[in-house]
Amino acid sequence: MPKPPTPTDAPSTLHDLTVQRGAGGELHQRAEAGQPVLTTAQGGPVADDQNQLKVGARGPVLMEDFHFREKLFHFDHERIPERVVHARGYGAHGYFETYESLAQYTRADIFQRAGEVTPAFVRFSTVAGSKGSFDLARDVRGFAVKLYTQEGNWDLVGNNIPVFFIQDAIKFPDVIHSVKPEPDRAFPQAQSAHDTFWDFISLTPESMHMVMWVMSDRAIPRSFRFMEGFGVHTFRLLDAQDRSTFVKFHWKPKLGMQSVLWNEAMKINGADPDFHRRDLWNAIQAGDFPEWELCLQLFDQDFADSFDFDVLDPTKIIPEEILPAVPVGRLVLDRMPENFFVDTEQVAFMTQNVPPGIDFSDDPLLQGRNFSYLDTQLKRLGSPNFTHLPINAPKCPFANFQQDGHMAMHNPKGRAIYQPNSFGIGPREDPERGFRSYGAQEVGTKARLRPESFADHYSQARMFFHSQTAVEQRHIVNALGFELGKCEVPAIRLRMLAHLRTIDETLAAGVADRLGVTELPEPATPAVPVREVAPSPALSILENPPASFAGRKVGVLVANGFDAALLAELNAALQAEGAMVELIAPTVGGATSSDGTKVPAHHAVEGAPSVLFDAVCLLMPQAGAEALCREVPALDFVKDAFVHCKVIGFSEGAVPLLTAAGVLPDADEGMVGLREGASDTFVALCRRLRIWGRELGAGL
Ligand code: HDE
């Protein structure tokens with residue numbers, strides 16, 4: 001059972017009395033008994049870290065102050081280039097546990113033994129924004145997993161969306177340049193809602209399937225813990241005889257999927273730009289370790305040939321209804337890095353990192369990535385020795401003849417650093433254990449071509465749209481309306497509407513309505529006829545609800561005189577469900593309960609809008625509610641919780657606050673009067689996550 005953090009968890013002893021003035025009036029913080037002595041990077045003890053070396057108290061300063069020079073020099077060089085994409089990210093350590101041997105399909109060591117535990121590091125990210133951008137951008141999320149296997153590092157550098165915008169890696173700089181801030185004005189940051197992105201997209205029909213995903217709720221996940229991950233490309237598994245099975249990799253969150261509303265996302269970005277970081281940090285610190293199952297879609301060449309699309313085309317999926325994704329292991333994240341920079345910033349993922357038994361397909365996007373990721377590490381980490389950093393180093397024995405270069409931590413030992421050598425020094429090849437590529441027969445004319453089998457750009461876009469519930473379809477329509485509404489060039493909006501008509505007429509009509517377009521353009525002409533593909537319910541978030549409210553967070557707004565017994569009951573019920581509770585009060589100092597106890601709050605109401613919670617409660621006597629009626633943040637707290645379709649529990653005294661916020665206490669089944677014994681009803685309703693019926697009325 002996760003232990004929710006309490007406001008009193010903060011350290012109570014702070015060394016705040018240790019800054020003293022020296023004889024000359026200068027400040028010092030001296031080492032106390034048992035504390036390490038401050039040194040330079042060269043190890044020299046430092047006597048004074050508060051003042052530059054000067055002639056007299058008022059200067060001038062002296063150049064010989066090597067401590068000052070070293071300190072500033074190091075500070076000036078603290079930054080390394082941020083990732084050109086996926087710059088904003090957050091990582092955690094954990095492990096992967098194999099369920100059963102997959103020796104039948106692969107000789108990869110990680111899949112040989114049931115119960116095998118492999119250390120892992122995962123970095124989640126957004127794509128478009130820079131390092132300091134906000135978490136709730138409408139964007140693809142990176143889901144990059146490094147598995148430190150006994151036969152070398154395996155990096156599964158995936159996303160939370162199983163397809164991509166483009167089919168050939170040569171288009172990657174173009175799609176990224178189009179979504180990044182426009183270069184003349186340097187905005188907008190971390191947003192696809194601008195002309196250049198939609199200009200590129202509307203000229204690139206192959207992106208239509210991905211566009212459906214990015215405009216869906218998948219692109220605004222509630223947290224990293226509630227999203228799926230995908231390897232995207234078709235890979236190969238190779239068994240001991242080098243026989244090949246195609247494979248698609250999927251990560252499925254144990255807590256189920258969940259997303260926020262776009263109106264919430266915009267508000268979360270203001271209230272807590274680190275919402276996703278904080279969520280992962282808090283969950284892991286509380287011992288509520290997030291978990292995903294690795295599921296495989298396995299198929300052979302004959303099965304691949306039976307599809308109307310090409311399994312090498314990264315804009316296509318194989319619906320799980322046609323080919324189930326079979327669980328083969330679980331990934332658990334149970335430890336935050338001790339230092340963000342050391343691990344999360346310096347981790348270097350590379351698609352080319354595959355162990356023996358896993359191999360690439362000819363997907364031209366994957367092949368291009370295999371080139372790009374090594375390049376980028378040299379740029380960012382500045383040395384071919386980036387694998388010497390602990391986060392990037394393998395955890396299995398390794399040996400080769402590479403030497404020197406910037407920051408070499410371990411050079412090969414001995415006299416001969418080449419092979420063959422007759423000194424008997426150094427490692428040797430092993431044809432049995434070593435990596436072998438699949439012996440595919442390749443013939444063809446050297447040319448820059450796109451295969452005909454990649455030509456269908458609309459059928460799966462349509463399938464995705466048709467696989468969504470009515471609520472989710474409305475979100476896609478609204479998202480496209482929002483994004484295209486931010487485009488200043490009307491021709492770009494119209495070009496997109498033409499594509500949308502080819503995907504689905506009701507989709508196009510809905511978006512046109514939101515854009516105020518009355519005359520729709522002709523539908524875009526597809527290169528090949530659009531096929532009617534059966535919907536895939538696995539693609540809908542709402543069709544696959546979580547089993548419980550575990551891992552979610554309830555914000556309880558209290559005021560002086562709140563019912564202590566009711567809060568205790570609520571707390572117990574939510575804890576039993578595996579959910580967290582955070583207290584919000586008029587001030588962070590907290591509120592005094594009915595039994596006279598002063599309970600500290602996690603947040604003051606102005607710092608904790610209800611968008612930060614999955615459900616809310618209002619616990620207060622009438623006087624407290626009446627006082628809060630005069631506070632705009634309290635009114636917004638209630639109104640937003642309602643229009644964002646959240647379950648609202650309230651004590652009888654809170655009714656004036658509901659009324660002042662324009663919310664009827666009996667508006668619908670999501671309004672729960674909290675009296676003793678009602679906590680279980682509240683929790684049961686919370687499992688539904690949202691009362692979607694409200695959304696039409698709210699017009700979000
Ligand atoms: Fe990446 N991508 N990518 N990408 N990608 C990078 O590598 C690239 C693509 C993905 O948390 C870069 O270390 C090319 C698809 C993730 O550190 C760079 C192409 C998918 C991360 C790069 C793609 C991804 C990256 C930038 C088109 C999903 C973050 C910094 C062929 C399957 C990893 C870096 C982390 C990062 C290149 C397309 C996922 C430049 C050329 C498709 C999760 O090397």
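The values are calculated or read from the model by the stated rules, or taken from the named source; none is laboratory data. These figures come from a predicted structure and were not determined experimentally. Here the Cβ is made from the backbone with ideal geometry for all residues, glycine too, and neighbour counts use every protein chain on show. Areas reflect the complete protein model, heavy atoms only, side chains present, ligands, DNA and RNA absent. Shrake-Rupley method; radii C 1.70, N 1.55, O 1.52, S 1.80 Å.
Taken over segment 96-123, the criterion of being of a type outside the set (D, E, K, R), more than 22 Å from the chain's Cα centre (by Cα) and open to solvent by 10 Å² or more (accessible area, probe 1.4 Å) is satisfied by 99, 101, 102, 103, 104, 105, 112, 114, 115, 117. No other residue among 524, 576, 564, 591 is buried (at least 19 other Cβ atoms within 10 Å of the Cβ), among the small types (Gly, Ala, Ser) and assigned by TED's automatic domain parsing to the domain that holds residue 632 apart from 591. All conditions but one from (1) in a loop (DSSP other than H, G, I, E, B); (2) over 27 Å from residue 239 (Cβ atoms) apply to residue 375; the one that does not is (1). Scanning segment 193-225 for residues being within 16 Å of the ligand (Cβ to nearest atom) and either of a type in the set (Gly, Ala, Ser) or not in a helix (DSSP H, G or I) (or both) gives a total of 4.
Across segment 167-175, a minimum of one residue is classified as under 18 Å from residue 460 (Cβ atoms) and either free of Cβ contacts under 8 Å to residues at least 24 places away in the same chain or surrounded by fewer than 19 Cβ atoms within 10 Å (Cβ to Cβ) (or both). None of 383, 372 is assigned by TED's automatic domain parsing to the domain that holds residue 236 and within 8 Å of the ligand (Cβ to nearest atom) except 372. Exactly one residue among 146, 131 is within 30 Å of residue 177 (Cα to Cα), surrounded by fewer than 23 Cβ atoms within 10 Å (Cβ to Cβ) and basic (Lys, Arg), and that residue is 131.
Identify all residues within segment 135-152 that are under 12 Å from the mean Cα position of the chain (by Cα) and of a type in the set (Phe, Trp, Tyr); write none if there are none. Once the filter is applied, which keeps residues that are under 12 Å from the mean Cα position of the chain (by Cα) and of a type in the set (Phe, Trp, Tyr), segment 135-152 yields only 143.
With respect to residue 367, is the statement that it is open to solvent by 70 Å² or more (accessible area, probe 1.4 Å) and not in a loop (DSSP other than H, G, I, E, B) true?
Numbers: open to solvent by 70 Å² or more (accessible area, probe 1.4 Å): yes; not in a loop (DSSP other than H, G, I, E, B): yes.
Taking the combined requirement at face value, the residue satisfies it.
Is it true that some residue in segment 158-177 is within 13 Å of the ligand (Cβ to nearest atom), assigned to a strand (DSSP E or B) and of a type in the set (D, E, K, R)? No - not one qualifying residue is present in segment 158-177. Run down 675, 690 and say which single residue is under 17 Å from residue 558 (Cα atoms), touching a residue at least 40 places away in the same chain (Cβ under 8 Å) and either touching a Ser or Thr at 6+ places or on another chain (Cβ under 7 Å) or in the same structural domain as residue 575 (by TED's automatic domain parsing) (or both). Residue meeting the stated conditions: 675. Checking each residue in segment 233-263 for being out of contact with any strand residue (DSSP E or B) (no Cβ under 6 Å at 6 or more places or on another chain), part of a loop (DSSP other than H, G, I, E, B) and in contact (Cβ under 8 Å) with a residue 60 or more places away in the chain picks out 233, 239, 240, 242, 255, 256, 257, 258, 260, 261.
Pick out the one residue from 402, 419 that is under 18 Å from residue 153 (Cβ atoms), among the polar types (S, T, N, Q), in a loop (DSSP other than H, G, I, E, B) and open to solvent by 70 Å² or more (accessible area, probe 1.4 Å).
Details: 419 fails: under 18 Å from residue 153 (Cβ atoms).
None of the other options fit; the residue is 402.
Residue by residue through segment 336-394, note down the ones that are closer than 20 Å to residue 248 by Cβ and out of contact with any strand residue (DSSP E or B) (no Cβ under 9 Å at 6 or more places or on another chain). If the condition is that a residue be closer than 20 Å to residue 248 by Cβ and out of contact with any strand residue (DSSP E or B) (no Cβ under 9 Å at 6 or more places or on another chain), then 362, 364, 365, 368 are the ones that fit.
Just checking, does segment 46-55 include any residue being away from the ligand (no atom under 16 Å from the Cβ), open to solvent by less than 70 Å² (accessible area, probe 1.4 Å), charged (D, E, K, R) and not assigned by TED's automatic domain parsing to the domain that holds residue 158? Yes. Checking each residue in segment 346-364 for being of a type in the set (A, V, I, L, M, F, W, C) and open to solvent by less than 10 Å² (accessible area, probe 1.4 Å) picks out 347, 348, 358. Scanning segment 141-179 for residues that are closer than 24 Å to residue 216 by Cβ and polar (S, T, N, Q) yields 159, 160, 167, 178. Filtering segment 270-297 to residues that are in a helix (DSSP H, G or I), buried (at least 18 other Cβ atoms within 10 Å of the Cβ) and not small (Gly, Ala, Ser) leaves 275, 276, 277, 279, 280, 284. Would segment 82-96 turn up any residue that is in contact (Cβ under 8 Å) with a residue 60 or more places away in the chain and away from the ligand (no atom under 16 Å from the Cβ)? Looking through segment 82-96, at least one residue is in contact (Cβ under 8 Å) with a residue 60 or more places away in the chain and away from the ligand (no atom under 16 Å from the Cβ). Among the conditions (1) part of a helix (DSSP H, G or I); (2) more than 19 Å from residue 204 (Cα to Cα), the only one that residue 518 does not satisfy is (1).
Looking across 326, 332, one residue alone is away from the ligand (no atom under 16 Å from the Cβ), open to solvent by less than 30 Å² (accessible area, probe 1.4 Å) and at pLDDT 95 or above. It is 332. Tell me, yes or no, whether segment 128-144 has at least one residue that is touching a Cys at 6+ places or on another chain (Cβ under 8 Å) and either touching a residue at least 40 places away in the same chain (Cβ under 8 Å) or away from the ligand (no atom under 13 Å from the Cβ) (or both). The answer is no, given that none of the residues of segment 128-144 is touching a Cys at 6+ places or on another chain (Cβ under 8 Å) and either touching a residue at least 40 places away in the same chain (Cβ under 8 Å) or away from the ligand (no atom under 13 Å from the Cβ) (or both).
Restricting attention to segment 335-350, the residues that are within 14 Å of the ligand (Cβ to nearest atom) and in a loop (DSSP other than H, G, I, E, B) total 6.
Give the residues of segment 57-79 that are open to solvent by 50 Å² or more (accessible area, probe 1.4 Å) and assigned to a loop (DSSP other than H, G, I, E, B), sorted by residue number. Once the filter is applied, which keeps residues that are open to solvent by 50 Å² or more (accessible area, probe 1.4 Å) and assigned to a loop (DSSP other than H, G, I, E, B), segment 57-79 yields 57, 58, 60, 62, 63, 64, 77, 78, 79.
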